[in-house]
Number of protein chains: 2
Amino acid sequence: MSFDSPCATPAANARPQPIRIHHGFEDSMRFGEMCAVRCSTCALRRVCVPEGLSDEDARRFDDVPRVRRAVRRGETLFRAGDRFEHIYAVRAGSFKTVVMHPDGREQVTGYLLAGELLGLGGIAAGHHVAEAVALEDSQVCAIGFPGLEAVAGQVPVMQRQLHRLFAAAIVRDQSQLLRLGTMRGEARLASFLLDISARLAALGYSPRSFLLRMTREEIGSYLGLQLETVSRMFSRLQARSILTVRQREVTLVDTLSLGEMANSAA
Amino acid sequence: MSFDSPCATPAANARPQPIRIHHGFEDSMRFGEMCAVRCSTCALRRVCVPEGLSDEDARRFDDVPRVRRAVRRGETLFRAGDRFEHIYAVRAGSFKTVVMHPDGREQVTGYLLAGELLGLGGIAAGHHVAEAVALEDSQVCAIGFPGLEAVAGQVPVMQRQLHRLFAAAIVRDQSQLLRLGTMRGEARLASFLLDISARLAALGYSPRSFLLRMTREEIGSYLGLQLETVSRMFSRLQARSILTVRQREVTLVDTLSLGEMANSAA
DNA sequence: CGCCCACTTGAACACCCTCAAAGGCTGTGG
DNA sequence: CCACAGCCTTTGAGGGTGTTCAAGTGGGCG
């Protein structure tokens, strides 16, 4: 987990290698490779970086040590107990975060898409408490946290953005708590699908048809259900013509009914 | 929700009024009253404020606009939709945070004790998403967030502490997600009680015997259970001599068994 | 004292889990 | 290219946990 790639020096620039990453990023890189990058040319700039940075501030932000890193599907970005040094911005692909129970059971606590931040919880104790696993071939920006803090201290608008992203993580967790605490299985799934749909839409993808990157078991863990229950719910929703499922490909048909289910008391 | 109390000018100091606040703080104040305070004399300093501040930094921190405020039991500190302006540090007493569902149901998402921060999620959207309600007569420090950010930008150790407190909120939420996602009702209650016990111990209170400040209904909402189920679980644990309950007064007897329950798969 | 609210306890039922079996998809190696 | 293994997914049946509805008790406060 150390950044010893020959490419990881701040001055170096990515030398693209023709390996396709999903989600249509124009540039690509070898897996395991890590390259210095600049945010000013990043497609996700409007998600990560605050609007209206002055040229000088933007330059200062680009000076934060930061490397891009490709993570293959199933690989872990960090594990519980790893020393906290970086936060990670998902650049392409998707991740799950998993918390381990003392007895070995796992709980999926997060499902992260492009533009979202990973690993923030690690600041509390100086080491990560969760594990982050790529759900597909993905890319992240690893941002050295001390450097980021230093810049945030000098550029108020950066600091504000950092805090907003912290808060966004808290709000995400809270809405997940709402799901687990008050909803029936069916409503949890409906709400989960609508949430993903909205987040994909915000990234410019189709909110109607998408590929789930988690297995039934992972979705179940995330929603506090068993994998069989998740499967049954999908079948039931399809039988009611509310959506169509084929393996992990979901197409929302009746978004209104889905919304009612997510918000209904029963 | 504006700070227009005559006492709320930065220079003024508290004029104690003999109203008792639980949890044994030496100084007290009238309810609804808001007074400027300094952290350097606060009993919770070691929880809120980082260790080893230089004198100069400590002075700068004390300059952050900040007022103490007494909140009577049942009163709300902020509501969902309120503009986000302050974060609140619990000084004495306890709070719950509640998220409202579109259909009117409520979900208790947090149970906050002295030294913990309230309202952080509001930064994300500029307004609060949850509601905070005092569970007993309590006191908070209301800290103007822009001012806090300004000081954090100048004093790295303050900034680090702020981030740590952010992260602590995330970690708290994650462990609650673990509870709701993987545990049976009984294990949830056991884990909840142990969590409270540990947090009270950290504040110097007895970890063995304490007063729950939430009703069965609120505990149930927090744990994703019905109030009847919570009541039954308490009765069952008492029948097994693992604890004793009388209304809201709980005494943990067999902490080992409680821990096993919280960590067991079944 | 009496009201109200919180809490307790019981019984029937619903939801979801557990166990089990079978079919489908994917990737690997022959 | 096919065969096979392994995992993911679906579906069924039965049982357990927690919910819902209902009634009754107890404590706190006016």
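Things worth noting here:
- The Rg/Rh ratio for the range A:107-178, using Cα coordinates for both the radius of gyration and the Kirkwood hydrodynamic radius, is 0.97.
- Selected from A:Cys42, A:Leu112, A:Phe84, residue furthest toward positive end of dipole (the range A:34-175; charges at beta carbon): A:Cys42
- Label point 7 Å beyond Cα along the C-beta direction, distances from B:Arg208 to other copies (nm, shortest first): 6.6
- Accessible area in square angstrom per residue, the range A:125-266, 1.4 angstrom probe: 40 Å²
- Counting Cβ atoms of other protein chains within 10 Å of each Cβ in A:160-169 and taking the mean gives 6.
- Largest-first ordering by accessible area, 1.4 Å probe, given options B:Arg91, A:Arg188, A:Arg172: A:Arg172, A:Arg188, B:Arg91
- When B:Ala125 is represented by a point 7 angstrom out along its Cα-to-C-beta vector, the spacings to that point in the other copies are 3.1 nm, nearest first.
- The range A:57-100 and the range A:189-244 have Cα centres spaced 25 Å apart.
- Inter-copy separations for A:Arg83, label at 7 Å along Cα-Cβ, nm, ascending: 4.5
- Gyration tensor (Cα) of the range A:177-233, equivalent ellipsoid semi-axes in angstrom: 20, 13, 9
- For the range B:172-180, 3J(HN,Hα) per residue [Karplus equation, 6.51 cos²θ - 1.76 cosθ + 1.60, θ = phi - 60°, Hz, x = Gly/Pro]: 4, 4, 5, 6, 5, 4, 4, 4, 6
- The mean number of Cβ atoms from other chains found within 10 Å of a Cβ in peptide B:97-109 is 5, as a whole number.
- Carbon/sulfur fraction of accessible area - the range A:183-263, other protein chains in place, 1.4 Å, %: 47 percent
- Taking the Kirkwood radius as Rh and the Cα radius of gyration as Rg, the range B:204-266 has a ratio of Rg/Rh equal to 0.96.
- Solvent-accessible area buried by pairing B with A, both sides, nearest 100 square angstrom, 1.4 angstrom probe: 4100 Å²
- 3J(HN,Hα) along the range B:54-66, derived from phi through the Karplus expression 6.51 cos²θ - 1.76 cosθ + 1.60 where θ = phi - 60°, amounts to 5, 4, 5, 4, 4, 5, 4, 5, 5, 7, 4, x, 6 Hz, with x in place of Gly and Pro.
- Alpha-carbon Debye profile of the range A:34-175, log10 I(q)/I(0) at 0.16 Å⁻¹: -0.83
- Ranked by how many other beta carbons lie within 10 Å on average, peptides B:254-263, B:109-118 from highest: B:109-118, B:254-263
- Rule-of-thumb Rg ratio for the range B:117-256 [Cα; 2.2 N^0.38 Å; N residues]: 1.24
- Table column - 3J(HN,Hα) (Hz), the range A:95-104, Karplus curve with 6.51, -1.76, 1.60, x for Gly and Pro: 9, 10, 10, 10, 9, 8, 8, x, 8, x
The values are calculated or read from the model by the stated rules, or taken from the named source; none is laboratory data. Keep in mind it's a predicted model, so treat the numbers as computed, not measured. Cβ sites come from the backbone with ideal geometry, for glycine too, and all protein chains shown count toward neighbours. Note: accessible area is taken over every heavy atom of the protein model, side chains too, but ligands, DNA and RNA are not part of it. Shrake-Rupley method; radii C 1.70, N 1.55, O 1.52, S 1.80 Å.
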